[in-house]
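These notes concern the structure reproduced below.
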Amino acid sequence: MRAGPRNLITDVAGLRVGNASDGRLRSGATVLLGDLPFTAAVHVMGGAPGTRETDLLAPDKLVQQVDALVLSGGSAFGLDAASGVADGLRAMGRGFVVGNQRVPIVPGAILFDLLNGGDKGWTENPYKPLGRAALAAAAEEFALGTAGAGTGATCHGLKGGLGSASVVLESGLTVGALVAVNALGSVTVADGPQFWAAPWELDGEFGGLGLPGRFPAYEEPLLAKRPGEATTIAIVATDAALTQAQAQRLAVAAHDGMARAIVPSHTPFDGDLVFAAATGARELTDPVADPFHLGHAAACCLARAIARAVYLAAPEAGDTLPAWAARHGR
């Protein structure tokens with residue numbers, strides 16, 4: 001395996017990502033947009049998810065493809081970011097055709113960032129315009145760290161953020177991951193700078209620090225957030241042609257990457273979920289081996305993206321928790 005040329009989810013051809021942030025609000029939204037509709041699925045393992053239009057992603061439902069996926073801050077208020085994306089897509093003439101109407105299909109997920117010091121005293125929900133702004137910004141290159149849905153995110157003892165990574169398999173298939181890390185658990189080992197995801201790092205993408213000599217895997221973790229305040233929401237994508245059922249298995253496998261990079265993960269107080277997206281640009285050459293390799297790649301890629309989110313978070317005035325760079329330096 002090797003990282004793609006950008007080491008971003010947009011190394012999957014035909015996908016773009018847009019971020020929109022509000023510094024005063026200390027929150028934002030991120031959209032994954034396909035040049036064409038793409039197959040999508042979802043798998044939830046956390047105990048406190050917040051989602052929109054995820055039921056239709058089951059393999060037995062009528063609609064098999066979506067126009068975009070949205071990750072947002074703002075807790076339940078942030079679900080409105082997907083409405084802004086849907087409005088923008090409708091204006092573009094995108095959407096599922098029903099008679100003379102087009103209905104954009106835009107599933108989304110949210111994280112809780114309402115207690116991070118930002119100004120949350122709005123009189124009108126700010127997430128719908130943030131969603132539309134993120135759609136307008138969609139491009140192959142995009143910012144990581146304190147950006148988009150990761151703008152106001154936190155994890156155990158550190159700022160969270162937005163992360164992405166990619167990998168190209170020997171078969172030529174590409175896999176990418178996009179994640180907003182707002183976890184209850186820790187992304188780094190104990191109080192040190194090393195990341196739990198270190199064994200899967202490529203090319204020093206989050207410092208090349210390896211693992212510490214002492215590996216405190218069995219220490220009891222502290223409950224540093226209250227119930228409802230934490231989640232990690234992610235998208236894994238590939239250019240492979242997958243059915244919705246196969247895409248769902250890809251999302252299931254990708255959760256292994258979350259468990260490798262965040263300790264603990266999938267707690268009763270996190271809303272951990274993974275969307276899977278498949279553009280269908282490349283047919284599977286081996287219907288048995290290819291899905292097997294894609295699942296492994298998705299897990300590795302997501303672990304790397306989670307570490308990159310925290311590693312690239314930017315120190316800012318008024319932070320309630322330090323950024324990794326402020327605590328450990330680069």
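The values are calculated or read from the model by the stated rules, or taken from the named source; none is laboratory data. No experiment lies behind these values; they were computed from the predicted model shown. As a convention, Cβ positions derive from the backbone with ideal geometry for all residues, glycine included, and neighbour counts pool all protein chains shown.
A few notes on this one:
- Among the residues of region 98-123, those identified as out of contact with any strand residue (DSSP E or B) (no Cβ under 8 Å at 6 or more places or on another chain) and more than 23 Å from residue 316 (Cα to Cα) are 98, 99, 100, 101, 123.
- Meets criteria (among the β-branched types (Val, Ile, Thr) and over 19 Å from the mean Cα position of the chain (by Cα)) for residue 154: no
- Matching residues in region 238-261 - criterion: being within 16 Å of residue 199 (Cα to Cα) and either part of a strand (DSSP E or B) or without any contact (Cβ under 8 Å) to a residue 40 or more places away in the chain (or both): 259
- Among the candidates 73, 47, 99, residue that is under 15 Å from the mean Cα position of the chain (by Cα) and more than 27 Å from residue 239 (Cα to Cα): 73
- Residues that are crowded, with 22+ Cβ neighbours inside 10 Å and hydroxyl-bearing (Ser, Thr, Tyr), drawn from region 139-185: 146, 151, 154, 164, 166, 174
- Checked across region 102-118, the condition of being within 30 Å of residue 256 (Cα to Cα), free of Cβ contacts under 8 Å to residues at least 12 places away in the same chain and not in a loop (DSSP other than H, G, I, E, B) holds for no residue.
- Of all residues in region 262-273, exactly one satisfies the criterion of being of a type in the set (D, E, K, R) and assigned to a loop (DSSP other than H, G, I, E, B), namely 272.
- Failed condition for residue 114, given (1) modelled with pLDDT under 95; (2) more than 25 Å from residue 272 (Cα to Cα): (2)
- Members of region 7-42 found to be touching a helix residue (DSSP H, G or I) at 6+ places or on another chain (Cβ under 8 Å), closer than 16 Å to residue 305 by Cα and among the hydroxyl-bearing types (Ser, Thr, Tyr), listed by number: 30
- From the options 317, 276, 307, residue that is under 20 Å from the mean Cα position of the chain (by Cα) and over 22 Å from residue 57 (Cβ atoms): 307
- Only one entry in 243, 238 is farther than 18 Å from residue 46 by Cβ, surrounded by fewer than 21 Cβ atoms within 10 Å (Cβ to Cβ) and of a type in the set (Val, Ile, Thr), namely 243.
- In the set (1) on the phi > 0 side of the Ramachandran plot; (2) over 17 Å from the mean Cα position of the chain (by Cα), residue 13 fails one condition alone, (1).
- The set of residues from region 274-295 being surrounded by fewer than 24 Cβ atoms within 10 Å (Cβ to Cβ), of a type outside the set (Lys, Arg) and assigned to a strand (DSSP E or B) comprises 279, 280, 281.
- For region 304-321, taking the residues that are part of a loop (DSSP other than H, G, I, E, B), at pLDDT 95 or above and out of contact with any helix residue (DSSP H, G or I) (no Cβ under 7 Å at 6 or more places or on another chain), the one that is surrounded by the fewest Cβ atoms within 10 Å (Cβ to Cβ) is identified as 314.
- Region 116-135: number of residues that are hydrophobic (A, V, I, L, M, F, W, C) and surrounded by fewer than 21 Cβ atoms within 10 Å (Cβ to Cβ): 1
- Residues satisfying the stated conditions in region 263-277, i.e. at pLDDT 95 or above and aliphatic (A, V, I, L, M): 273, 274, 276, 277
- Residue match in region 181-191 (condition: at pLDDT 95 or above, in a strand (DSSP E or B) and under 21 Å from residue 42 (Cβ atoms)): yes
- If the condition is being outside any loop (DSSP other than H, G, I, E, B) and touching an Asp or Glu at 6+ places or on another chain (Cβ under 7 Å), then region 132-161 contributes 132, 159.
Rundown of residues vs (1) small (Gly, Ala, Ser); (2) at pLDDT 95 or above, yes/no style:
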site	(1), (2)
85	no, yes
93	yes, no
97	no, no
103	no, no
110	no, yes
129	no, yes
